[in-house]
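Below is one structure, written out as structure tokens; comments come after it.
Derivation of every value follows stated rules applied to the coordinates shown; laboratory data play no part. Just so it is clear, the structure is predicted and the values come from calculations on it, not from any experiment. Cβ placement follows ideal geometry from the backbone for every residue including glycine, while neighbour counts extend to all protein chains displayed.
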Amino acid sequence: MFPPQSQLNKLYHLFYRLFTLLSCSIFITGLYGQGSFSPKQFDSLLLKKTESLRIQGDYENLVRLNKDYLNIAEEKKYKEGIILCYINISNISATIGNYKRGLSYLSLAEKELKTINNPVLKARLYQEHGQLNGVIGLYKSALEFNAKGLYYLKSTSDQERRKFYLYRLYANRAEFLYKANNPDSAYIYLQKGKMVDSQGVLLNTLLAKHHLSYTKRLDSALIYLQKASARIVNTGKVNVQSGFVYLTYGDYYYAVKDYNTALRYYNSKILLKSPFYQCSSK
């Protein structure tokens, strides 16, 4: 039996939400001198651990990890580290539906950001405001916050920083436009994102979903899914990347009326063992 469409839609957005969790850590580069605490090491370790847990969909340990690093940043008075942990915790909280906690941590980040000048963190702050507005249906406000995030991001001269965030911000803007019933504009931003990151799992999967839902160009959808599949990070465990792609593969085979194959994807262990599967069924 096929899962209810409402459950599939909810699962899709849960995967998408965690997929676009944006760790700020690689873009904090301040130095404290010759002490035992190294901001660069702080950033590097937090990035690696956050990325690993993000891909696995282990949101409980993601919150725990960022709270542990928040304590370290507070102890060392590392303001940028404090802000990035606040923003990460806000993002994770909103992902699992705890919007009140998400907004609370975002307010803390906003307060701290008033004391420093960091356009990348400002871009992240506005993007998080956009996502929180998006999940409660305030799409116009979400788009306005997203535009502010893009403005601050484009003001940085560091191309590495700009690229890392830009395609994710474009993907988020596309999501808001879809929900605002403007799929043509959404597609434009997906293409902009693809120009920044043409080989990534996220953009290729989103483009496949666009063709399945709007253009009905099933051959194009399959091409994008194959590109996404080739880029999945193999962690040896069920993870967000594979879940996102498998769910969209199920949609593809359902669209081409290969219902047996669609059912195999929907009922695969990649989805059934996902930490989000039970959540989506509630």
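Quick notes on this structure:
- For the stretch 78-133, convex hull volume per residue from C-alpha positions, Å³: 60
- Exposure proxy order (Cβ contacts within 10 Å, fewest to most) of 176, 42, 37, 244: 37, 42, 176, 244
- 3J(HN,Hα) along the stretch 66-78, derived from phi through the Karplus expression 6.51 cos²θ - 1.76 cosθ + 1.60 where θ = phi - 60°, amounts to 5, 5, 5, 5, 4, 4, 5, 4, 5, 4, 8, 6, 8 Hz, with x in place of Gly and Pro.
- Once you reduce the stretch 103-139 and the stretch 180-201 to the center of their Cα atoms, the two points are 23 Å from each other.
- Stretchable slack from residue 213 to residue 157, in nm (0.36 nm times residue separation minus alpha-carbon distance): 16.5 nm
- Ascending count of other beta-carbon atoms within 10 Å, so fewest first, for 220, 242, 90, 198: 198, 220, 242, 90
- Note that the stretch 250-263 has calculated 3J(HN,Hα) couplings of x, 5, 4, 5, 5, 5, 8, 6, 9, 5, 5, 5, 4, 5 Hz, one per residue in order, obtained from phi through the Karplus relation 6.51 cos²θ - 1.76 cosθ + 1.60 (θ = phi - 60°); glycine and proline are x.
- Relative exposure of 170, 214, judged by other C-beta atoms within 10 Å (fewest first): 214, 170
- Among residues other than residue 199 with Cβ under 13 Å from its Cβ, the summed charge is +3 (Lys and Arg +1, Asp and Glu -1).
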